[in-house]
């Protein structure tokens, strides 16, 4: 058995083998000598333990409560009518905006008497000053007065041929007043049902001429075609070939005949589909 002996202060032998042997069949333990550890004697605590205990606790700072000093307008109880009157008189005199007097700008510093800043300003007479003001007020470039062009009214039809249009100063009529919105549809329908347009007396006795009747009708415009339609539609065999070198005149005609044949519907016997 490999063992290493070490000397101890108790004069006993320490081995590297376990202190408890294997269990025998007869359930007996083979006791061996073990090392006896002497308990340590606790000495006094270190010097830094008291410092850690003292500084690890939160610092308690004492904040003395300041006594509140009331102003002359602050009181413990509610203000009386006399106090309010006194406060109103004070606010009317003290709480208004200040009107400070504008101070004149300071005179600029001039280093010497011969500099331009030391020269005295020339004093002009009243007549010279007025002439100077009129000369400065005169514009440098005088333009002609702008005359607005005489635009024709919105409605000026030519009733009779060969004569200038009749300008009616009363047209276009001022439209009636219409509210911006109606609370209900019934009020809107009632408003338009009771609305009456003013009619002049001259219009009641007027006679309708053919010219006025034609002007009253809406102008009809022909519909704009999507593509230009030729007046004379040519036969497919008469269409000229496009300006390119792919087809000859004979090849273009054969191509048109082939397209006409392919564009016709296919006719087959019914037995082909069964």
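Sort 127, 83, 150 so that the residue with the fewest other Cβ atoms within 10 Å of its own Cβ comes first and the one with the most comes last.
150, 127, 83
Computed extension length for residue 163-residue 150: 2.8 nm, one decimal, from 0.36 nm per residue of separation with the Cα-Cα distance subtracted.
The gain in end-to-end length when the residue 74 to residue 254 segment is fully stretched comes to 53.3 nm, 0.36 nm per residue minus the alpha carbon separation.
Given a Förster distance of 22 Å, report the FRET efficiency between residue 200 and residue 221 from their Cβ-Cβ distance, rounded to the nearest 0.05. About 0.10, to the nearest 0.05.
Given R₀ = 25 Å, FRET efficiency for residue 102-residue 136 by Cβ-Cβ distance, to 0.05?
Computed FRET efficiency for residue 102 and residue 136: 0.45.
Computing FRET efficiency as 1/(1 + (r/R0)^6) for residue 113 and residue 143, where r is the C-beta to C-beta distance and R0 is 45 Å, gives about 0.40. According to the square roots a ≥ b ≥ c of the eigenvalues of the Cα gyration tensor, what is the shape class of segment 69-148, taking rounded for a/c under 1.5, prolate for a/b larger than b/c otherwise, and oblate for the remainder? Oblate.
Here the extension length gained between residue 124 and residue 244 equals 33.9 nm, from 0.36 nm per residue of separation less the Cα-Cα distance.
Bear in mind that the values in this text are calculations on the coordinates, not laboratory data. Computed from a predicted structure; not experimentally measured. Backbone-built Cβ (ideal geometry, glycine too); neighbour counts: all protein chains shown.
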